[in-house]
Amino acid sequence: MVIYSAPGKVYLFGEHAVVYGEPAVASAIDLRIQVSVERSKRPDIRTDTDTVYIDRVIEKMGVDEPLKIEIDSQIPPGSGLGSSAAAVVACIACINDEFGMGLGKREIAKLGHEIEKDVQGIASPTDTYVSTFGGMVLVPDFKSIPPLDCGIVIGDTFTFASTKKLVEKVADLKKRHEKIVSYIMRAIGELSRIAEPLLYSKDYKKIGELMNINQGLLDSLGVSTEKLWKLINAARKNAWGAKITGAGGGGCIVALVDETKKNVVIEEIERAGGRGISTRVGEGVRKE
Ligand code: PMV
């Protein structure tokens, strides 16, 4: 039996603008999915979510013997934290190892991205890349950035929203207001560029302020909701900055916090009706 785990991710800057070629900053988190694979007499996939991604991994990797696969996740599904990418990446890594296929990390990330695209219709390579390599990266070049060493708190609204629909909603807005929405996309891209050196120097106060500006711009694109704002405002009482992570419309927020304020930020998020989760920058896919 082989066991691999892979991390989820957050966007610190740049979601939506990245669809239009602007840079973004994403980070692996220490919430992980663990997948075990063993050859078996009959196929048996044990997971809390649907098996469509795993079925596709098996098919695409050309495995024609029955497998017993078990998936154990710490990542809330459907919340923009990249749980499907983590499951896909960990499963590819298991099959790669069990069958001696010799895939390297780049090939695992690429195959993972193809599988996400097959299943979802659209998918950016961010989730599978970050889940494979871990750490923090500047997208689309996947230039690695030294990991933040402060607290990261996620707030889950417990509401689900489709990334595809939100990307379409933003595209519609852009069609109707081409010039101004193009400016907004460029401004969001600029935030990632400005943030990059601050991430190196770990200037959390300024990074937090830029995250708050990014949230304002995401709101202007129509992807924030009352619930997301409630959690963001609750977190901001004690955080350096807080914003949506991912497509918005529901899902999660991410806040950067001083280690000593983590618990109070979590409490505020929970008082506002969400689930607060403390995390850190995570490692990429690894054998357990
Ligand atoms: O909701 P998530 O975590 O899948 O992130 C979506 C990010 C977008 O920029 C809105 C879309 C994309 O594919 O990059």
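The values are calculated or read from the model by the stated rules, or taken from the named source; none is laboratory data. What you see is a predicted model, and the numbers here were worked out from it, not measured in a lab. Note that we place each Cβ from the backbone using ideal geometry, even for glycine, and neighbour counts take in every protein chain shown.
A few notes on this one:
- Positions within the range 11-23 being more than 8 Å from the ligand (Cβ to nearest atom) and touching a strand residue (DSSP E or B) at 6+ places or on another chain (Cβ under 8 Å), in sequence order: Leu12, Phe13, Pro23
- Of the strands (runs of 3 or more DSSP E) entirely within the range 1-47, those holding at least 3 residues that are modelled with pLDDT of 95 or more, surrounded by 24 or more Cβ atoms within 10 Å (Cβ to Cβ) and within 11 Å of the chain's Cα centre (by Cα) occupy 2-13, 24-39.
- Total residues in the range 210-248, condition surrounded by fewer than 22 Cβ atoms within 10 Å (Cβ to Cβ) and either assigned to a loop (DSSP other than H, G, I, E, B) or modelled with pLDDT under 95 (or both): 6
- Flag if Ala187 is within 16 Å of the ligand (Cβ to nearest atom) and under 18 Å from Pro23 (Cβ atoms): yes
- Identity of the residue in the range 182-209, surrounded by 19 or more Cβ atoms within 10 Å (Cβ to Cβ) and hydrophobic (A, V, I, L, M, F, W, C), that ends up farthest from Ser144 (Cα to Cα): Ile184
- Lone unmet requirement of (1) away from the ligand (no atom under 16 Å from the Cβ); (2) over 22 Å from Ile108 (Cα atoms) for Ile45: (2)
- Tally of residues being away from the ligand (no atom under 16 Å from the Cβ) and either touching a Phe, Trp or Tyr at 6+ places or on another chain (Cβ under 6 Å) or within 18 Å of Leu12 (Cβ to Cβ) (or both) across the range 145-184: 8
- Positions within the range 48-91 being of a type in the set (Gly, Ala, Ser) and in a loop (DSSP other than H, G, I, E, B), in sequence order: Gly62, Gly78, Ser79, Gly80, Gly82
- If you filter the range 171-192 down to residues that are among the charged types (D, E, K, R) and more than 21 Å from the chain's Cα centre (by Cα), you find that the one that is farthest from Lys143 (Cα to Cα) is Arg176.
- Residue check for Val254: in contact with a strand residue (DSSP E or B) (Cβ under 9 Å, 6 or more places away or on another chain), more than 16 Å from the ligand (Cβ to nearest atom) and among the hydrophobic types (A, V, I, L, M, F, W, C): no
- Residues of the range 73-105 satisfying the condition of being within 16 Å of the ligand (Cβ to nearest atom) and β-branched (Val, Ile, Thr): Ile75, Val88, Val89
- Test result for Gly102, out of contact with any strand residue (DSSP E or B) (no Cβ under 8 Å at 6 or more places or on another chain), modelled with pLDDT of 95 or more and more than 22 Å from Gly246 (Cβ to Cβ): yes
- Contact annotation: residue pairs with Cβ atoms under 7 Å, 6 or more positions apart or on different chains, pairing a residue in the range 73-89 that is under 18 Å from Arg286 (Cα atoms) with a partner that is at pLDDT below 95 and of a type in the set (Asp, Glu), are Ser73/Asp48; Gly82/Asp127; Ser84/Glu116; Ala85/Glu116; Ala85/Asp127; Val88/Glu116.
- Within the range 135-159, being surrounded by 15 or more Cβ atoms within 10 Å (Cβ to Cβ), in a loop (DSSP other than H, G, I, E, B) and out of contact with any Leu (no Cβ under 8 Å at 6 or more places or on another chain) holds for Gly135, Pro140, Phe142, Pro147, Thr159.
- Failed condition for Ile122, given (1) of a type in the set (A, V, I, L, M, F, W, C); (2) at pLDDT below 95; (3) closer than 25 Å to Gly276 by Cα: (3)
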